[in-house]
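Undergrad: Okay, here's the structure, questions in a sec.
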Amino acid sequence: QKGGSKERMLTMIQRYHIKHQSFHKGKSLRSIAKETGHDFRTVKKYAEESDFNLKTRPKRGRPSKLDSVKPIIDAWLTEDLKRPIKQRHTAIRIYNRLLNEHSDIFNAGERTVRSYVAARKKELYGEKEGFLPLEHPPGEAQVDFGEIIMIEQGKKIKGFELVLSLPYSNAGYPQVFRGQNQECLLTGLKDIFEHIEHVPRVIWFDNLSAAVAGIGDNSDRKLVDQFYRFMLHHGFKAQFCNPGKGHEKGHVENKVGYSRRNFFVPEPAFDNIQEFNHGLFAVAEKDHQRKHYRKDFKIAELLKEDTLAMLPLPAKPFDIGRTEKLLADKYGKVIYDGNIYSASPQVAGKEIYIKLRAHQIEILNEDYQSIVTHKRLYGQGQEMMDWLPYLTTLAKRPNALKYTGFYHQLPDPWKEYLADLSYEEKKKSLHLLVRMITETDMDTATICLLETMDSGKADADSILLSYRRLTEPTFNDFLPLISAGINSPAIFTPDLTCYDVFLKAGENR
């Protein structure tokens with residue numbers, strides 16, 4: 001492009017690269033021109049460009065009398081975004097300025113100016129104040145949470161959908177969570193990144209407490225540490241809406257509503273939230289087969305352009321989880337966010353650590369070794385109890401059972417049953433209880449105990465029999481034989497006639 005040759009229009013990615021090298025890395029325009037092979041004037045133009053929104057195509061038809069001054073009007077209206085509301089251009093003020101300052105190229109009427117200014121203000125401001133881009137470059141995303149009702153393991157609860165939308169292609173990916181904390185936010189983003197195998201270059205957020213710890217006097221955001229590390233690890237740039245201007249990311253807000261109406265009516269029901277979220281990716285990809293609401297292409301086709309403009313996944317996955325130190329109580333339990341989690345009797349009264357994830361809480365000892373992992377509770381006043389660490393310890397010292405604070409935490413049927421057992425029978429029963437709760441849970445073990453006691457038997461072997469009957473369907477085929485007793489004719493009546501041959505042979509000798 002030397003010697004006054006015609007300037008070539010660059011792609012958005014090329015323009016982004018020039019702007020990034022100049023603005024963010026401080027490279028000189030000549031070094032960028034040498035690196036990219038573009039003409040110096042082209043590099044200068046795009047390095048100094050401030051508006052990267054794709055421009056709408058002009059309508060076909062007769063030329064407008066305003067065509068020569070539309071760039072001037074647009075510039076004035078865009079500059080108004082930085083001014084107080086009461087000190088912005090009205091249509092009549094623009095008309096008068098055009099008459100006074102640009103009479104050589106302006107010859108339209110006041111009504112024409114009013115009509116154009118009203119349309120442009122609607123595009124720029126929307127219903128509320130704040131600039132809404134008419135177009136979005138590929139590779140950018142918006143993120144937001146929305147409230148939904150969902151049914152988990154048969155129980156209807158309040159949940160939240162995290163939606164990442166890609167305005168250029170109109171693609172969207174929802175994931176559901178029980179909360180809106182930073183672990184939910186980052187887990188949703190990471191899972192979406194890994195599904196599309198790319199990372200958006202720029203992601204717009206509202207001022208979520210999961211990401212923003214506070215906003216300074218100059219609207220500077222203080223980011224939550226884990227969010228900051230997640231952002232740097234994946235390489236994307238986080239953009240935040242102005243306070244009170246959530247409509248600046250209107251695309252994802254619309255997509256949250258679209259997902260709620262189309263994917264979560266009636267209420268989604270599942271037993272495993274992580275498996276359900278994995279299935280949502282297939283639902284989203286199917287939805288991407290429809291045409292873009294404005295462009296004459298399928299969303300899936302435009303999504304390819306979106307991903308081409310994105311960043312690659314980092315080589316090493318990011319480990320999501322905050323670690324906090326807590327003091328275990330005398331029962332070896334800890335309280336976090338108003339809920340109780342069991343740990344182990346061995347850490348009673350000691351400082352331990354919890355690692356917080358979106359769906360689980362892992363409890364670690366003072367050496368950061370895992371003790372137990374629980375489902376993370378959302379809400380208040382709930383308890384997660386893992387009996388195994390407690391019963392494993394007690395099974396080794398059964399006589400100490402009554403003298404432990406944990407004994408009073410056992411279900412009443414087990415306290416009554418264990419109270420009068422001998423040392424050996426208590427040890428045997430505790431080992432059986434460990435086996436049952438390892439394979440199932442305490443509720444199942446208690447049901448087995450109650451059924452056994454109702455039959456008039458109360459020993460470890462009988463409890464095991466009830467347990468196997470409840471948990472092993474094929475075991476029921478043998479139950480009539482076992483319950484009849486080993487000496488009962490109902491079990492087996494031998495045929496002794498075969499021995500007659502030998503008896504007769506002896507008589508003949």
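Undergrad: Which residues, taken from the range 191-207, are open to solvent by 60 Å² or more (accessible area, probe 1.4 Å) and either of a type in the set (A, V, I, L, M) or part of a helix (DSSP H, G or I) (or both)?
TA: Looking only at the range 191-207, we keep the residues that are open to solvent by 60 Å² or more (accessible area, probe 1.4 Å), and these are 194-195, 197, 201, 204.
Of everything in the range 191-207, those that are open to solvent by 60 Å² or more (accessible area, probe 1.4 Å) and either of a type in the set (A, V, I, L, M) or part of a helix (DSSP H, G or I) (or both) turn out to be Glu194, His195.
Undergrad: Select from the range 86-114 the residues that are of a type outside the set (Val, Ile, Thr), open to solvent by 60 Å² or more (accessible area, probe 1.4 Å) and either within 16 Å of Pro71 (Cβ to Cβ) or assigned to a loop (DSSP other than H, G, I, E, B) (or both) and list them in ascending order.
TA: Across the range 86-114, the qualifying residues are Glu101, Ser103, Asp104, Asn107.
Undergrad: Taking the range 320-340 on its own, how many of its residues are out of contact with any Gly (no Cβ under 7 Å at 6 or more places or on another chain) and closer than 22 Å to Ala395 by Cβ?
TA: 2
Undergrad: Which residue out of Ser370, Ser462, Ser422, Ser455 is touching an Asp or Glu at 6+ places or on another chain (Cβ under 9 Å) and among the small types (Gly, Ala, Ser)? Explain how you work it out, then say what you get.
TA: Details: Ser462 fails: touching an Asp or Glu at 6+ places or on another chain (Cβ under 9 Å); Ser422 fails: touching an Asp or Glu at 6+ places or on another chain (Cβ under 9 Å); Ser455 fails: touching an Asp or Glu at 6+ places or on another chain (Cβ under 9 Å).
One residue alone meets the criteria, Ser370.
Undergrad: Select from the range 401-427 the residues that are touching a Phe, Trp or Tyr at 6+ places or on another chain (Cβ under 9 Å) and among the hydrophobic types (A, V, I, L, M, F, W, C) and list them in ascending order.
TA: Leu401, Phe406, Leu410, Leu418 - these are the residues of the range 401-427 that are touching a Phe, Trp or Tyr at 6+ places or on another chain (Cβ under 9 Å) and among the hydrophobic types (A, V, I, L, M, F, W, C).
Undergrad: Please state which one of Phe318, Phe270 is farther than 20 Å from Phe193 by Cβ and within 17 Å of the chain's Cα centre (by Cα).
TA: Details: Phe318 fails: farther than 20 Å from Phe193 by Cβ.
After ruling out the rest, the residue left standing is Phe270.
Undergrad: Same structure, new question: If you take the residues of the range 249-273 that are among the polar types (S, T, N, Q) and part of a helix (DSSP H, G or I), which of them is most open to solvent (accessible area, probe 1.4 Å)? So that I can check it myself, show each step before the final result.
TA: The first filter runs over the range 249-273 and keeps only residues among the polar types (S, T, N, Q), leaving 254, 259, 262, 272.
From what's left, part of a helix (DSSP H, G or I): 254, 259, 262.
Details: Asn254: 110, Ser259: 2, Asn262: 84 Å².
That would be Asn254.
Undergrad: What number of residues within the range 331-359 are basic (Lys, Arg) and either assigned to a loop (DSSP other than H, G, I, E, B) or at pLDDT 95 or above (or both)?
TA: Residues flagged as basic (Lys, Arg) and either assigned to a loop (DSSP other than H, G, I, E, B) or at pLDDT 95 or above (or both) within the range 331-359 amount to 2.
Undergrad: Now a separate question. Looking at (1) under 18 Å from Tyr390 (Cα atoms); (2) part of a helix (DSSP H, G or I); (3) open to solvent by less than 60 Å² (accessible area, probe 1.4 Å), which one does Phe276 not meet, given that it meets all the others?
TA: Tallying (1) under 18 Å from Tyr390 (Cα atoms); (2) part of a helix (DSSP H, G or I); (3) open to solvent by less than 60 Å² (accessible area, probe 1.4 Å), Phe276 fails exactly one: (1).
Conditions tested, residue by residue: (1) touching a strand residue (DSSP E or B) at 6+ places or on another chain (Cβ under 9 Å); (2) open to solvent by less than 20 Å² (accessible area, probe 1.4 Å); (3) outside any loop (DSSP other than H, G, I, E, B).
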residue: Glu362; (1), (2), (3): yes, no, yes
residue: Tyr368; (1), (2), (3): yes, no, no
residue: Thr373; (1), (2), (3): yes, no, yes
residue: Gly381; (1), (2), (3): yes, no, no
residue: Ala400; (1), (2), (3): no, no, yes
residue: Lys415; (1), (2), (3): no, no, yes
residue: Thr444; (1), (2), (3): no, no, yes
residue: Leu450; (1), (2), (3): no, no, yes
residue: Met453; (1), (2), (3): no, no, yes
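Undergrad: Something else: Just need a number here: residues in the range 169-190 that are open to solvent by less than 10 Å² (accessible area, probe 1.4 Å), under 22 Å from Asn272 (Cβ atoms), touching a helix residue (DSSP H, G or I) at 6+ places or on another chain (Cβ under 9 Å) and not in a strand (DSSP E or B).
TA: Number satisfying all stated conditions: 5.
Undergrad: If Thr323 satisfies every condition in (1) open to solvent by less than 40 Å² (accessible area, probe 1.4 Å); (2) within 24 Å of the chain's Cα centre (by Cα); (3) under 25 Å from Gln274 (Cα atoms) but one, which is the exception?
TA: With (1) open to solvent by less than 40 Å² (accessible area, probe 1.4 Å); (2) within 24 Å of the chain's Cα centre (by Cα); (3) under 25 Å from Gln274 (Cα atoms) applied to Thr323, the lone miss is (1).
Undergrad: Then there is this: Would you please list the contacts, defined by Cβ atoms under 6 Å and residues six or more apart or on different chains, that run from a residue in the range 317-331 that is touching a residue at least 40 places away in the same chain (Cβ under 8 Å) to a residue that is open to solvent by 60 Å² or more (accessible area, probe 1.4 Å) and of a type outside the set (Val, Ile, Thr)?
TA: Listed pairs, sorted by first residue: Phe318/His233; Gly321/Arg357.
Undergrad: Determine if the range 286-295 includes at least one residue that is among the hydroxyl-bearing types (Ser, Thr, Tyr) and either open to solvent by less than 80 Å² (accessible area, probe 1.4 Å) or in a helix (DSSP H, G or I) (or both).
TA: Pass one, the range 286-295, residues among the hydroxyl-bearing types (Ser, Thr, Tyr): 293.
Now restrict to residues that are either open to solvent by less than 80 Å² (accessible area, probe 1.4 Å) or in a helix (DSSP H, G or I) (or both): none.
No, the conditions are met nowhere in the range 286-295.
Undergrad: Quick one: which residue in Lys65, Lys45, Lys27 is open to solvent by 80 Å² or more (accessible area, probe 1.4 Å), part of a helix (DSSP H, G or I) and at pLDDT 75 or above?
TA: Working: Lys65 fails: part of a helix (DSSP H, G or I); Lys27 fails: part of a helix (DSSP H, G or I).
After ruling out the rest, the residue left standing is Lys45.
Undergrad: Using the structure shown, decide if Ile18 is modelled with pLDDT of 85 or more, in contact with a Ser or Thr (Cβ under 9 Å, 6 or more places away or on another chain), assigned to a helix (DSSP H, G or I) and closer than 30 Å to Met310 by Cβ.
TA: Details: modelled with pLDDT of 85 or more: no; in contact with a Ser or Thr (Cβ under 9 Å, 6 or more places away or on another chain): yes; assigned to a helix (DSSP H, G or I): yes; closer than 30 Å to Met310 by Cβ: yes.
In short, no.
The values are calculated or read from the model by the stated rules, or taken from the named source; none is laboratory data. Note that this is a predicted model, so its numbers are computed, not measured. Using ideal geometry, Cβ is built from the backbone for each residue, glycine included, and neighbour counts are taken over all protein chains shown. Accessible surface is based on the protein model in full, side chains and every heavy atom, while ligands, DNA and RNA are left aside. Shrake-Rupley method; radii C 1.70, N 1.55, O 1.52, S 1.80 Å.
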